[in-house]
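The values are calculated or read from the model by the stated rules, or taken from the named source; none is laboratory data. These figures come from a predicted structure and were not determined experimentally. Reconstructed Cβ throughout: ideal geometry from the backbone, glycine too, with neighbour counts over all protein chains shown. Each accessible area value is taken on the protein alone, full model and side chains, heavy atoms only, with ligands, DNA and RNA left out. Shrake-Rupley method; radii C 1.70, N 1.55, O 1.52, S 1.80 Å.
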Amino acid sequence: MQIKISYFLPVLFAIAAGALAPSASSFAAGPKATKPAPHKKAVPSKKATSPKKAAAAVNALPPLAADTALADNAPALPAKAWLLMDYDSGQVLASANANEALPPASLTKMMTSYIVEQALRSGKLKPTDLVTVSENAWCRGTSAESCMYLPLNSQATVIDILRGIIIQSGNDASKAIAEHMAGSEAGFAKLMNAEAQRLGMTHTTFANPTGLPDPAHKSSARDLAILARAIIRDGAEYYPIYAEREFKYNGIKQGNRNALLYTDPSVDGLKTGHTAEAGYCLVTSSKRNDMRLITVILNTHSPQARADQSRTLLGWGFGSFEKTTPIQPGAVVGTAKISFGKADTAPAVLGAPWMLTVPRGQSVQTTVELIADLQAPVAKGAVIGKVIATANGKPVGEAPLVAQTEVERSGLLLRGWQHLMKLFGK
């Protein structure tokens, strides 16, 4: 199966301009693999009044204001659900309908790629392992779905399959690796749901590895942000693939559909998605200086809209928030009382460096909460409480507090005396 590379150049140029055609969705790979479409001359005057664009404008949702926002003047976006998350802390900085379970379309493939990446890291898979393309996985060259264009009964390496999932949004790649790892798509969906539960994705149910429509297949903006954060955190060696703009396989070069990769150098991932039911969706990550933000846009009306709304959300986020260190590591912030130990107290300190993303110009207050009724022995580094940070009365993060020193259990006689003192309230 061969396609002329030059046929895909208009798609790449459209992506680079940040204005993809509505047909370049997560489930529309563009041309048929078996028959190039005839060349048509562009007619600018007709483009301005395109029926598809007019329909898209009519179908646009009204701007949806934030349900929650940690800074003033959060944008209202015409998506069915949206969210902005700070990567470092996992704090949601602004959102609307963040917990509504919606069809995620090809954003599903973030979980597929995450499972593959973790299998590579653990050694369950090797990059050079060969994956066989079954008839079920094989794309037949239609425009109804996005494909990596793996030939029937061929074999591809796991690392090529991973690129085909992430960059080309290949349904064939996703199905093939699912069958390779779990025997079937249904078996792989069980792995997906187990991982979703482990990560705390409480409004997600996966039915397949592709995101093709299924009534039971749902996720939420918050859950997809949690997944994006896990991909960046847990698979650093594979995360650069999400920023790759194109991938050529089987003689076919296809461009990444994430338009922001071509227009914003701070953006380095993650995934687009589209079906008629899900609308146009985009999960994006951007790092500027020491701050990384994750955005989720679900169910908006066009590829241009999902890109524009992501830009708006990122611009507001980077303009409205800054990094701060409320407490220095090693600083004693409280003293925990210890019963039946050789010492009566243990100093409480941060267990690790703590950096928060907070509204610009706002001071941060901290509140220490220590565990009551601690009993020896207490190991050095054991969690003995937490510190909560607030800005303008709103919680912006928390961190565990640990024992700075070890407290050994007291001897039998001393412990008996301590029991008596506790009994009489002394």
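For E100, what charge total do you get from the other residues with a beta carbon under 15 Å from its beta carbon, if Lys and Arg give +1 and Asp and Glu give -1?
Surrounding charge for E100 is 0.
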Q) Between V368 and A331, how many nm apart are label points set 7 Å from Cα along the C-beta direction? A) 1.1 nm
(Q) Taking all protein chains in place and a 1.4 Å probe, what share, in percent, of the accessible surface of the range 286-414 do carbon and sulfur account for? (A) 52 percent
(Q) Using a 1.4 angstrom probe on the protein heavy atoms only, could you order D268, D88, D172 from most to least accessible area? (A) D88, D268, D172
(Q) Using the crude model of +1 on Lys and Arg Cβ and -1 on Asp and Glu Cβ, and no other charge, please compute the dipole size for the range 80-202 relative to its Cα centre, in debye to 20. (A) 120 debye
Q) What is the sum of charges around P213, taking Lys and Arg as +1, Asp and Glu as -1, for the other residues whose C-beta is under 12 Å from the C-beta of P213? A) -2
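Residue separation times 0.36 nm, minus the C-alpha to C-alpha distance between I388 and T205: what's the value?
So the extension gain works out to 62.7 nm.
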Q. For the range 283-301, list residues with backbone N below 16 Å from a point placed 7 Å from the Cα of D67 toward its Cβ?
A. 296-299
Q.
For the range 314-399, what does the accessible surface come to per residue with a 1.4 Å probe? Please give it in Å².
A. 49 Å²
Q) Separation between the T345 and D214 pseudo-spin-labels, each 7 Å from Cα along Cα→Cβ, expressed in nm? A) 5.7 nm
Q: Compare H217, H301, H180 by solvent-accessible area with a 1.4 Å probe and give them largest first, with all protein chains kept in place.
A: H180, H301, H217
**Q.** Cut-off 11 Å between beta-carbons: net charge of the residues surrounding T68, Lys and Arg +1, Asp and Glu -1
**A.** +1
Q. How much length is gained on full extension from A379 to K287, taking 0.36 nm per residue of separation minus their Cα-Cα distance?
A. 29.4 nm
**Q.** Sparse-neighbourhood loop sites, trypsin sites (Lys or Arg not before Pro) in the range 272-380 - DSSP loop, at most 12 other Cβ within 10 angstrom
**A.** R360, K380
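Return one whole number: the accessible area per residue of the range 71-174 in Å², for a 1.4 Å probe. Don't jump to the answer; show the numbers that get you there.
Details: 3250 Å² over 104 residues.
Per residue, the range 71-174 has 31 Å² of solvent-accessible surface.
Protein chains only, probe 1.4 Å: how do E100, E117 rank by accessible area, largest first?
E100, E117
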Q.
If you consider only alpha-carbon coordinates, what radius of gyration and Dmax does the range 159-300 have, in Å?
A. 14.9, 44
Q. Could you give the distance between the Cα centres of the range 61-84 and the range 265-319, to the whole Å?
A. 13 Å
Q: Could you provide, to the nearest whole Å², the per residue accessible area of the range 195-262 with probe 1.4 Å?
A: 37 Å²
